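To keep things clear, I will list the structure first and then write my remarks on it.
A short reminder: the numbers here are calculations on the coordinates, not readings from a lab. Everything quoted here is computed from the prediction, not taken from an experiment. Reconstructed Cβ throughout: ideal geometry from the backbone, glycine too, with neighbour counts over all protein chains shown.
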Amino acid sequence: MSENAKPEAHPDEHLAKWYVVHTQSGYERKAKEALEQRIKSLSLEDKIFDIIVPMRDIVTIRSGKKRAQKEKVFPGYILIKMIVTEESWVAVRTTQGITGFVGAGTKPTSISDKEVEAIMKFVLQDPPKLKAKFSIDESVKITDGPFAEQVGAIQHIDEEKGKVTVLIDFLNRETPVELDVLQISKL
């Protein structure tokens, strides 16, 4: 059950519903892998059909370099398409890293296919965004370009373009300078 590839549909899959499962924070992928192994070992391929850790692509800046990486859309949660029986419920519930189903009481509450489609649309449609670790009014040092070594305060951040406007003291005047986030560093 890979992230995008889907095996042939099982005859009973149309009876399955989507459920949200809570995991230990930071263990979403490990919980998914552990559950996939349990499905095979307990022969539950006819009850549990799909497991999704909703993630999207983002771009971050670390050590002055842009890096593409995956970001969890719902940290601490995974989506499971399954038919709830006593056996499948226990298999999911007792998998290492999974703390329980989301829902009222002891009965899991399913979510609609439309909600899952909306989540997947959000995951897939968002183009990679630059996730800069800077904030407005933060003091930064310019590391590259004609204003290298100058210190200023961030006035505006454009995450879509990966640009910042930094207010620097130039010729005894406060001057806004537009820079790439790769051209600045934290003080």
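A few points about this structure:
- Ordered by the count of other Cβ atoms within 10 Å of each Cβ, fewest first, 51, 58 give 58, 51.
- Debye, to nearest 20: dipole size of the chain, +1 on Lys, Arg Cβ, -1 on Asp, Glu Cβ: 420 debye
- Helix 113-125 and the long axis of the chain differ in direction by around 30°, with both axes built from C-alpha atoms.
- Modelled label reach - residue 93, point 7 Å along Cα→Cβ, the range 17-46 residues with backbone N closer than 14 Å: 22
- Theoretical FRET efficiency, 1/(1+(r/R0)^6), r = Cβ-Cβ of residue 109 and residue 10, R0 25 Å, to 0.05: 0.65
- Rounded to 10°, Cα long-axis angle of helix 28-41 versus longest principal axis of the chain: 20 degrees
- Checking the cross-link pairs 72/133; 81/161; 70/114; 47/107; 32/114 against a 26 Å limit on the alpha carbon distance flags 81/161 as lying beyond it.
- Nearest-20 debye value, the range 92-187 charge dipole, Cβ charges on Lys, Arg, Asp, Glu: 560 debye
- Net length gained if the chain between residue 134 and residue 69 were fully extended (0.36 nm per residue, minus Cα distance): 21.6 nm
- Order of 44, 167 under a 10 Å beta carbon neighbour criterion, fewest first: 167, 44
- Take every Cα pair under 8 Å whose residues are at least 6 apart in sequence, average their separation, divide by the length of the chain, and the relative contact order is 22 percent.
- Residue (of 162, 106, 37) at the positive-pole extreme of the chain, dipole from beta-carbon charges: 37
- Alpha-carbon gyration tensor eigenvalues x 5, square-rooted, for the chain, Å: 48, 15, 14
- Shown for 186, 32, 66: other C-beta atoms within 10 Å of each C-beta, ranked fewest to most, produce the order 186, 66, 32.
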